[in-house]
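Attaching a single structure in structure tokens format; questions to follow.
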């Protein structure tokens, strides 16, 4: 995982994500999930391109049983964008990179 991609956990979710001063992109994933592995490199590229403007991280749904159900994560990969402690957008499935960046650009513009 790239050094600018954070590993989010149930224990640190409130402080790392909900209390963040900048928007946060959370990639909910699992090691056994093929589509998750497909978008992993895209998430890492986005972390580099948006560094300083958006915090980017991944949450392994197998290792963190509390947070994913709170946000209705039923299929992975699911990408949630948090702003000011709330979900402002959601992307489900392996999508092209420009789908993700257009959502982030819209969140940053508001």
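The values are calculated or read from the model by the stated rules, or taken from the named source; none is laboratory data. Please read all numbers here as calculations on a predicted model, not as lab measurements. Cβ placement follows ideal geometry from the backbone for every residue including glycine, while neighbour counts extend to all protein chains displayed.
The rows are residues; the columns are (1) free of Cβ contacts under 8 Å to residues at least 60 places away in the same chain; (2) touching a strand residue (DSSP E or B) at 6+ places or on another chain (Cβ under 7 Å); (3) assigned to a loop (DSSP other than H, G, I, E, B); (4) crowded, with 16+ Cβ neighbours inside 10 Å.
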{"site": "14", "(1), (2), (3), (4)": "yes, no, no, no"}
{"site": "17", "(1), (2), (3), (4)": "no, yes, no, yes"}
{"site": "53", "(1), (2), (3), (4)": "yes, no, yes, no"}
{"site": "63", "(1), (2), (3), (4)": "yes, no, yes, no"}
{"site": "74", "(1), (2), (3), (4)": "yes, no, yes, no"}
{"site": "82", "(1), (2), (3), (4)": "no, yes, no, yes"}
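Let me ask another. Take residue 1 and tell me if it is under 14 Å from the mean Cα position of the chain (by Cα) and at pLDDT below 95.
So residue 1 passes the test.
Report whether or not residue 72 is on the phi < 0 side of the Ramachandran plot and modelled with pLDDT of 95 or more.
Values: on the phi < 0 side of the Ramachandran plot: no; modelled with pLDDT of 95 or more: yes.
In short, no.
Would you check if residue 41 is exposed (fewer than 13 other Cβ atoms within 10 Å of the Cβ), free of Cβ contacts under 8 Å to residues at least 40 places away in the same chain and either more than 24 Å from residue 110 (Cβ to Cβ) or touching a strand residue (DSSP E or B) at 6+ places or on another chain (Cβ under 7 Å) (or both)?
It is true that residue 41 is exposed (fewer than 13 other Cβ atoms within 10 Å of the Cβ), free of Cβ contacts under 8 Å to residues at least 40 places away in the same chain and either more than 24 Å from residue 110 (Cβ to Cβ) or touching a strand residue (DSSP E or B) at 6+ places or on another chain (Cβ under 7 Å) (or both).
If you scan the range 23-37, which residues turn out to be surrounded by 14 or more Cβ atoms within 10 Å (Cβ to Cβ) and in a loop (DSSP other than H, G, I, E, B)?
Passing the criteria: 23, 30, 33.
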